[in-house]
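Written below as structure tokens is the structure these notes are about.
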Amino acid sequence: MRNNSSFGKLVLLLMVFALIVAACGGDSTDTTVADAGDGGGDSGAEAACDADPFGCVEVGDGEAITIGTLLVISGPNASLGQDSQNGVVMAADKLDGTLDGTNGELLGRAIAFNHQDDGCSAEGGQAGAQALAADPSTVGVIGTSCSSAALGVADTILSDKGIAIISPSNTGPALTEADQHQDFYLRTAHNDKLQGAAVAKFAYNELGARSAATIHDGSPYADGLQAVFADTFESLGGTITVREAIQVQETDFTSVLTSIGADSPDVLYFPIFAAEGGLITQQARQTDGLADTILIGSDGMLSADYVAAAGDAVEGVYLSGPDLSAFTGDQDFYEGEFKTAYQELWGGEPAAAFHAHSYDAANMLFDAIEEVSIDEGGTLYIPRTALKDALFATSGVTGITGTLNCNDLGDCQSTATIAVYQVLGGNYDTANPVYSEVASLDG
């Protein structure tokens, strides 16, 4: 019969020895890029994902990083969104250092795109954003093309899911107003507080206009832009004769144009989109009182779609937008390798104005992914809130369009060069604007 007291002491000694070995053994988890964690038992990835209100996107070994785009790629404004989509794809292409038509890799993973159509409408923005938000692999989104597809729609749907969205061409001022801005929304496009004022100065100071009428289509883009134009034009000493509104998909603008023509304004400013803009251009040329009125549109019409829609009536029309000839970023790269590759990859010159802004937006997203990702055991963990915070912290980054500095409301292009182009010979030359002005949100 054995001694129970001696046996108990032996068991206790063995337990103490086991605890000492465990304490000295350390953690053998394979973590290549990870935070140290919170001092508890969780790994760096687990702690970071648990702490993030929206969790992490998990990208398994051998899986691709999924980037969404939400741009207008069908209908009468398709060239606007397709041009931006081309810029996003080219940014992924350049990850391997060359623009050869083959996507590079990010953190050893391929880039996969989920391209959705914003339809340049609230309905399209809602459908596309819902599709992207429903996919747990969506890391971030480049979009939308049109402010109407974003404001209170895509910006809200995606922010509610913790998915960062960066627009290359939303210029509506309301999107970055403090009372309407959504937490995960940013843009590399200029704010129309800059563009509307620049067009007003061009009309008043360069064209000598003293009276102007405006038309908008009810969209956040058009309404916001004409409002800034009108306020600035009046502050310079000009008179706004009338502000008219139309509906998207209308085709007969006779009554609106007749009302405007009654005052024979020096300028008619209609910052809308291609289909309605083309028809208004044609019909204005045939309206009494508008024979000598100068027609001006903005970057919603700065596209091949608008020129085609307006036909012969487009001759002499002025169009404003970003000054592609005066980007303050890597202009040599843009004028050389980028433009050459664009033509080779897509079969022609850029058809709209925001391909460079989308290229910059995609690179912002890629940089932020690299900064916050945690690689553990071959799985990549991307915390959603940390990704958003890294995007908003973008500062002093040189893109094609200029130096990107994102403020708390998501405006990353606080200073922009706004140009006015004139359609001559059925085309506008983005290399030779008739007017250009550097403008800043900071005054």
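Given contacts defined as C-alpha pairs under 8 Å and at least six residues apart, what's the relative contact order of the stretch 71-113, whole-number percent?
22 percent
Non-local amide H neighbours of residue 110 (under 5 Å, H modeled in plane, Pro and chain starts lacking H): which ones?
Here 65 satisfy the definition.
Determine which lysines satisfy two conditions relative to residue 161: a Cα distance under 24 Å, and not lying fewer than 8 residues away in the same chain.
List returned: 388.
Over the stretch 273-360, what is the relative contact order in whole percent, taking alpha-carbon pairs under 8 Å and six or more residues apart?
30 percent
Carbon-plus-sulfur fraction of the accessible area of the chain, 1.4 Å probe, in percent?
Whole-percent figure for carbon plus sulfur exposure: 48.
Of the listed peptides 142-150, 268-276, what is their order by residue-averaged count of other C-beta atoms within 10 Å, with the highest listed first?
142-150, 268-276
Excluding residues fewer than 8 places away in the same chain, name every one of the lysines whose C-alpha is closer than 27 Å to that of residue 201.
Within the straight-line limit of under 27 Å, residue 201 reaches these lysines: 193.
Does anyone have the angle between helix 220-235 and the longest principal axis of the chain? Alpha-carbon axes, 0 to 90°, nearest 10?
Roughly 50 degrees between the two axes.
Find which of 133, 88, 351 sits farthest along the positive direction of the dipole of the chain, computed with +1 on the beta-carbon of Lys and Arg, -1 on that of Asp and Glu, about the Cα centre.
Towards the positive end, the residue furthest out is 133.
Taking the solvent-accessible surface of protein heavy atoms with a 1.4 Å probe, what is the per residue accessible area of the chain in Å²?
The answer is 41 Å² per residue.
Contact order normalised by length for the chain, with contacts defined as Cα pairs under 8 Å and 6 or more residues apart; what percent is it?
That works out to 19 percent.
How do 184-190, 227-233 rank on mean C-beta neighbours within 10 Å, highest first?
Per-residue Cβ counts within 10 Å, averaged per peptide and sorted highest first, yield 184-190, 227-233.
Hey, if we sort 223, 179 by accessible area with the 1.4 Å probe, largest down, what's the order?
179, 223
Among 200-206, 390-396, 69-75, how do they line up by average Cβ neighbours within 10 Å per residue, starting with the highest?
Averaged packing, sorted descending, gives the order 69-75, 200-206, 390-396.
Can you run phi through the Karplus equation (6.51, -1.76, 1.60; θ = phi - 60°) for the stretch 397-404 and list ³J(HN,Hα) in whole Hz, with x for Gly and Pro?
Ordered by residue, 3J(HN,Hα) equals 8, 8, x, 6, 6, x, 8, 8 Hz.
Taking the Cα atoms only, what angle lies between the long axis of helix 78-93 and the longest principal axis of the chain, rounded to 10 degrees?
40 degrees
With the Cα gyration tensor of the stretch 204-269 giving a ≥ b ≥ c as the square roots of its eigenvalues, does the rule (a/c under 1.5 for rounded; else a/b larger than b/c for prolate; else oblate) give rounded, prolate or oblate?
Taking the square roots of the gyration eigenvalues as a ≥ b ≥ c, the stretch 204-269 is oblate.
Mind putting a number on the dipole of the chain about its Cα centre? Charges go on the C-beta only, +1 for Lys and Arg and -1 for Asp and Glu, and I need it in Debye to the nearest 20.
Here the size comes out at about 560 debye.
Among (i) 25; (ii) 15; (iii) 52, which one is percent of Cα pairs over 41 Å apart computed from these coordinates?
(i)
The values are calculated or read from the model by the stated rules, or taken from the named source; none is laboratory data. Treat the numbers as computed from the prediction; the structure is a model and nothing was measured. Virtual Cβ from ideal backbone geometry, glycine too; neighbours counted across all protein chains shown. These accessible areas exclude ligands, DNA and RNA; they are computed on the full protein's heavy atoms, side chains included. Shrake-Rupley method; radii C 1.70, N 1.55, O 1.52, S 1.80 Å.
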